[in-house]
1. Give me the aspartates and glutamates in straight-line cross-link reach of residue 103: C-alpha distance below 13 Å, same-chain residues under 8 apart excluded.
2. Give the shape of the stretch 199-322 as rounded, prolate or oblate, defined through the alpha-carbon gyration tensor: a ≥ b ≥ c are the square roots of its eigenvalues, a/c under 1.5 means rounded, and otherwise the shape is prolate if a/b is larger than b/c and oblate if not.
3. Rounded to the nearest 500, what is the chain's calculated 222 nm mean residue ellipticity when only DSSP H runs of at least 4 contribute -39500 (n - 2.57) each, over all residues?
4. In bins 10 Å wide, starting from 0, what share of all Cα pairs of the chain does each bin hold, as a percent?
5. Express the carbon and sulfur contribution to the solvent-accessible surface of the stretch 1-89 as a percent, rounded to the nearest whole number, probe 1.4 angstrom.
6. Answer with one residue from 164, 181, 324: the one whose Cα lies farthest towards the positive end of the charge dipole of the chain, charges on Cβ with Lys, Arg +1 and Asp, Glu -1.
7. To the nearest 20 debye, what charge dipole does the stretch 2-357 have about its Cα centre, counting +1 at the Cβ of each Lys and Arg and -1 at the Cβ of each Asp and Glu?
8. Work through the residues other than residue 330 whose Cβ is under 13 Å from its Cβ and net out their charges, Lys, Arg +1 and Asp, Glu -1.
Amino acid sequence: MQFGIMSVSDITRDPISGVTPTEAERIANIVKIAVKAEDVGLDAFAIGEHHNPPFFSSSPTTLLAHIAALTERIIVTTSTTLITTNDPVRIAEEYAMLQHLSKGRMDLMLGRGNTAPVYPWFGQDIRQGLPLALENYNLLHRLWREDVVDWEGSFRTPLQGFTSTPRPLDDVPPFVWHGSIRTPEIAEQAAFYGNGYFANNIFWPKDHYKRLIDFYRQRFEHYGHGTAKQAIVGLGGQAFIGKTSQEAKSQFRPYFNEAPVYGHGPTMEEFSDQTPLSVGSVQEVIDKTLTFQETFGDYQRQMFLIDHAGMPVEMVLDQLELLGGEVVPVLRRELADRRDPEAADAPTHASLVKAKYGDAEPRRPRPNANRGDNVTGSSPYQDTDAEVTASYPAL
């Protein structure tokens with residue numbers, strides 16, 4: 001079981017001080033938060049992708065590579081990478097590079113995001129959002145598994161004898177989570193490939209997420225990747241922890257009340273009753289998080305949102321001390337004791353390498369000389385002998 005934190009990268013006015021941090025301050029502080037997450041024993045740090053104010057994370061791979069260089073153990077990941085408005089060729093290249101630089105301490109979550117204008121900003125039509133998501137991942141899946149790809153689809157120019165570089169570390173693609181809060185087709189795609197399914201588990205009642213997770217588990221088994229219990233599920237969650245329930249509610253209420261995503265709506269108590277939001281003592285946060293396993297079954301990754309709504313970095317670091325020092329150790333023990341022996345372990349690069357190669361040495365591709373047009377001559381890599389014959393799709 002992996003535990004971590006995820007950030008949406010918002011830059012929000014602190015309702016207590018009235019100060020809005022600069023982009024530079026927020027970027028510097030998110031690095032402090034990620035490093036602190038490793039220091040307190042968490043397993044993963046995730047950043048979202050946005051291309052508009054008031055967010056800063058327009059370049060997740062750059063940020064995550066920097067964080068990976070400053071840490072030794074924590075997995076860096078996304079929440080989410082926009083599979084619709086990013087070219088899958090660039091995703092293949094950039095995240096393979098991140099995989100090398102982090103020495104395998106990374107994976108990524110793919111999703112459509114929640115910012116409608118991002119589609120025209122990147123030359124896409126939001127009405128094609130779902131077909132884009134499905135087609136782009138189908139191509140990405142091949143780019144990470146085939147040295148030479150011929151491909152033709154509906155939303156980008158064809159590929160002719162294309163090789164995505166660098167090849168994935170150890171020739172094992174990064175693990176992919178498909179994130180969705182409402183789309184069964186995305187859960188179906190995750191199940192078809194045997195990838196992970198991530199439900200953000202933040203704004204909706206549990207029954208909403210349970211329907212999609214149960215569907216994903218059924219389809220995972222249908223496609224022969226294992227039993228429904230062995231499907232790879234990740235969950236989000238929101239938490240604000242205090243030494244007492246009263247302290248937590250008193251400290252978090254101003255941030256809740258003014259937060260752009262849920263302020264000026266239901267009260268904090270109403271929202272906590274209706275959604276996975278946990279605001280309370282260490283034990284109260286533990287107890288509510290344990291209900292996730294009771295509802296959704298055994299799962300592999302639990303991510304918490306804790307650095308939003310204008311909270312100052314000092315408060316977030318204090319939250320990490322409580323989360324890593326007092327909440328997560330208890331959750332690890334309790335969930336391990338309750339875990340079905342059939343449930344899968346959380347995927348890591350090491351486990352994926354082991355599954356592919358066993359005790360053999362992994363493949364580490366060595367390129368042949370530059371062939372210029374990349375569609376004639378021998379294979380691009382020295383360990384394959386086949387001639388490359390590229391088809392030329394009609395343009």
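The values are calculated or read from the model by the stated rules, or taken from the named source; none is laboratory data. Values in this document were obtained by computation on a predicted structure and should not be read as measured data. Here the Cβ positions follow ideal geometry from the backbone for every residue, glycine too, while neighbour counts run over all protein chains shown. Side chains included, ligands, DNA and RNA excluded: accessible areas come from the protein's heavy atoms. Shrake-Rupley method; radii C 1.70, N 1.55, O 1.52, S 1.80 Å.
1. 72, 170, 171
2. prolate
3. -12000 deg cm²/dmol
4. Spelled out bin by bin, the chain gives 5, 22, 32, 26, 11, 4, 1, 0 percent.
5. Here it works out to 56 percent.
6. Positive-most Cα among the choices belongs to 164.
7. About 320 debye.
8. Net charge in that neighbourhood comes out at -1.
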